[in-house]
Amino acid sequence: MRIATWNVNSIRSRIDRVEAFLQRHDIDVLAVQETKAKVDQLPLMGLESMGYEVAATGFSQWNGVALISRVGIEDVQVGFSEMPGFGDPLVSEARAIGAVCGGVRIWSLYVPNGRKVDDPHYAYKLDWLGRLRTAAQQWRDEPTALVGDWNIAPLDEDVFDIAQFKNSTHVTVPERAAFNAFLEDGYADVVRPHISGDAGYTYWDYYRQRFERNRGMRIDFVIGSPAFSDRVTGAFIDRDERDPALGKANGLGSPSDHAPVIVNLSD
DNA sequence: ATGGTTGATCGTCAA
C-alpha cells in the first residue's frame, strides 16, 4: 500500500495536479490539507471515475482537510472537540478527519499555523496539539498514521536558516515539545530515516523565489504508531510537484507551496 | 522591519 500527504492550497484550483499525482505515483490513500472548499464544492467527478472515495471536512476559507482513498473509507471521524473561547467549533473540527483505509487508521491533519507567538492563535495551536495527543494515545496500539501539515519544524536542520526564525512560530520550544510528545508516546517520524537535511524540505514560501533557492522547511509529516511504522518500507518527497518551472512546462498552473510526502507500506 | 506570491472572493485576510 502507498499513502501520501499533501497540503494542496485549494483542491479546486489544483484538481488536475491532484489527479495526475495520484496516477503518477499509484497512490492508494491521499490525505490533503487546505482544501479551501465546502463539501458540496469538492471536485469529485474525476476522482470517482478513477476509483477513489472522498471524505472531507467542509470549510470555505482555508483549513479544510480530506481523505481520498481507493482502499475504502470506514469509520470516519471529524475533529476532536470544540475549542472553548476560540470561535466556531468548525474552525477546530475542520482541521482533522480520520478514517480506516485499507486496515490503517489515517488522520489528515492541518495543525493551526500559530501566526505569531503573541497571537491568540499560537495558544490555540498548542492547545489543539494537546487535544490531538490525548486522542492519539487511544490509537497507538493499532496501525495508525497522523499525517499532514504540522506547521512545526522539529529540528534546526528542518529550516533553511534557523537564525531567521528567532521569535518566530514553527520552531519554538513549546511547539517542538508538543511535536516530540507524540514520539514519547510511541509514535515515530517514519520519513526522517529516508531523508537528510535540506532534502527533507516539504514547504517553500511563495515569496522571494524560495523554491528556486531551496530555502524551505520540513513541516509536513507522517507520524506512525508502532504497528504502522513497522510496515514502512520507504518514503520520498515529490519535490517536482513544487517546481513552478516544471509545472509551467507541463501546462499546469502554479504549484502548491507544499510538496507531497509519499510512504510505502508492506502488505 | 519590510516585502514578496497565491487563493477565496471581490476588499481583505490568511498563509
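The values are calculated or read from the model by the stated rules, or taken from the named source; none is laboratory data. In this text, all values refer to a predicted model and were calculated from it rather than measured experimentally. Positions of Cβ are backbone-derived with ideal geometry, glycine not excepted, and every protein chain shown enters the neighbour counts. Remember, those area values only see protein heavy atoms, side chains included, never the ligands or the DNA or RNA. Shrake-Rupley method; radii C 1.70, N 1.55, O 1.52, S 1.80 Å.
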>> 5 Å is the cut-off here: which amide hydrogens, built 1.01 Å from N in the peptide plane, fall below it relative to A:Thr202, excluding neighbours closer than 5 in sequence?
In response: A:Met217, A:Arg218, A:Ile219, A:Asp220
> If you find the alpha carbon centre of region A:205-267 and of region A:161-181, how far apart are they in angstrom?
Replying inline: 21
> If you rank A:Glu157, A:Glu241 by how much accessible surface each has, with a 1.4 Å probe, what is the order from largest down?
Replying inline: A:Glu157, A:Glu241
> Can you flag which of A:Lys36/A:Lys125; A:Lys125/A:Lys248; A:Lys38/A:Lys166; A:Lys116/A:Lys248 are past 28 Å Cα-Cα?
Replying inline: A:Lys125/A:Lys248; A:Lys38/A:Lys166; A:Lys116/A:Lys248
>> Can you sort A:His194, A:His170 by solvent-accessible area, 1.4 Å probe, largest first?
In response: A:His194, A:His170
> What ³J(HN,Hα) values, in whole Hz, does the Karplus curve 6.51 cos²θ - 1.76 cosθ + 1.60 give for region A:140-153 when θ = phi - 60°, with x put for Gly and Pro?
Replying inline: 5, 8, 10, x, 10, 10, 9, 10, x, 8, 8, 6, 9, 9
>> What distance in nm lies between label points placed 7 Å from Cα along the C-beta direction at A:Asp118 and A:Arg12?
In response: 3.7
> Around A:Ala235, which amide H atoms from residues at least 5 apart in sequence, or from another chain, sit under 5 Å from its own amide H, with H modelled in the peptide plane?
Replying inline: A:Asn264
>> Which order do the peptides A:67-74, A:246-253, A:173-180 come out in when sorted by mean C-beta neighbours inside 10 angstrom, highest first?
In response: A:67-74, A:173-180, A:246-253
> At each listed q (0.24 Å⁻¹), what is the log10 of I(q)/I(0) that the Debye formula gives for region A:1-56 modelled as equal alpha-carbon point scatterers?
Replying inline: -1.02
> Mean 1/r over all different Cα pairs, inverted: what Kirkwood radius does region A:2-265 give, in Å?
Replying inline: 18.3
>> Students often check this: by mean Cβ neighbours within 10 Å, which of A:20-27, A:108-115 ranks highest, and how do the rest follow?
In response: A:108-115, A:20-27
>> Give me the extension gain from A:Leu252 to A:Ile162: residue separation times 0.36 nm, minus the current Cα-Cα distance, reported in nm with one decimal.
In response: 29.1 nm
> Using the Cα atoms of region A:80-190 to build a convex hull, what is its mean projected area in square nanometres?
Replying inline: 7.3
